[in-house]
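**Q** Just dropping this structure here.
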Amino acid sequence: MFDFLNLIPFIGGFLATVVPFVIVLSIVVTIHELGHYLVGRWCGIHAEVFSLGFGPILTTLTDKRGTRWQIAAIPLGGYVKFLGDTDAASRPDSAPLDPAIAHKTLTGAALYKRALTVVAGPVANFLLSIVLFAGLAMIIGKVSNEPIVGELQNIPLIQHELQTGDKIIKVNGQDVSNFGDIERVSVKIERATHVRYVVERDGETLDVSGPYLLPPLVGAVIPVSPASKAGLKEGDFIIAIDDQKLSTFQELSQAIKKSDVKQRNLTLWRDGHEILIQISPAVRDFPLPDGTFEKRVMVGIAAGYAFTSPMQSIGPIDALKFGVLRTYHVIVDSLNGIYQIATGVVGAENLQGPLGIAQMSGDTASNGILSLLTLVAFISTAIGFLNLLPIPVLDGGHLVLYAFEALTGRAPSPKFIQVAMTMGMSLLLGLMLFATFNDISRMIWG
């Protein structure tokens, strides 16, 4: 007889991936469509349907304005259907418009009202990202650059005298005036387990031993990476890779870069116990400071610090500036990524589809609500940016058609719009299928 208890781990893992993905997508899509709806209503354009999801309708409610609000069974998007649209892509109805209600349709409204309604969706996504990035900055704060010891990590098998609150003035005999100096001095130290620090503590100047700043400590695990797949966790201390003992994160990085085998053995220290895991490094396109990419062998972890400087609170004005800049940089990085793929600098196999985003959502959610909100902010920016691409069916495609109308004084013919929309939909479906194939390939082969 089949034991249904065997399904519990699978179901748990499935839900841990799907539920965060649905939450992330629902938030981003709802805000996007609300942007269209609210500005459209402000412009006098009537919305017939506001749908979260596609497919069979699960529940529906019609408000006093005659808009039907509904939740559908397939939570992979959503749409607003305005009066005069034939479908969710806002293709105009081929039937003649009633002059009495033409101004209430997306097709018959003034050109500037149509443009405002269409652009409002991506703008709403950008505003959501700015608010989330700003809010997270106020909650988390920013790292101080003062050479003061904040949080100290528990480094296994190493005894030291450094304490939280110590102000560091020298590292191995070299003067430092800020935390950046400590980093610059530390990366030049080789094979380090103990480092000598001169510190100020309670009015005294002391010479104490302390941990190396950048030990082989996992500071973060990148979602949908070999490290995530292997089960590495933030806070893991990597004692050895294969038979090579490690004392610095640089040694770990070099060992991984030189990987000529498909599988490596990592010896970890986690929760007071030594454990062994196997990991399969992958070759990925890595972004360089000049905007280009290079092939690198990676596992998907970020370095952890033996100690950090204290966090400083950040006010609402500075947080808002941070939110705007962070959103701007995500947009610029997205533009750069598309350019690199289009010019062949980066392989198209790096495109990620819904399965990859779902897995990323699950991995991120396991790190807590703040990590999940950060992912929402990134995806919201990406959705806003992608919708502005000049592809028919997307918001950017509609804006191109409106620009043509503004320049020529006449709207494109219904037949042209129909052909353009069909081509745009085919392109999007093709890209989604290709990206999904990439997702499946990464899941199977890493």
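**Q** All but one of (1) more than 28 Å from the chain's Cα centre (by Cα); (2) modelled with pLDDT under 90; (3) surrounded by fewer than 14 Cβ atoms within 10 Å (Cβ to Cβ) hold for GLU151, so report the exception by its number.
**A** (1)
**Q** Taking the criterion of being under 27 Å from the mean Cα position of the chain (by Cα), in a loop (DSSP other than H, G, I, E, B) and closer than 29 Å to SER371 by Cα, would at least one residue in region 185-202 satisfy it?
**A** Within region 185-202, none of the residues are under 27 Å from the mean Cα position of the chain (by Cα), in a loop (DSSP other than H, G, I, E, B) and closer than 29 Å to SER371 by Cα.
**Q** State the number of residues belonging to region 406-420 that are surrounded by 15 or more Cβ atoms within 10 Å (Cβ to Cβ), free of Cβ contacts under 8 Å to residues at least 40 places away in the same chain and within 36 Å of the chain's Cα centre (by Cα).
**A** Residues that pass the stated criteria total 1.
The values are calculated or read from the model by the stated rules, or taken from the named source; none is laboratory data. Only a predicted model underlies this, so the values are computations on that prediction, with no experimental measurement involved. Ideal geometry is used to build each Cβ from the backbone, glycine not excepted, and the neighbour counts take in all protein chains shown.
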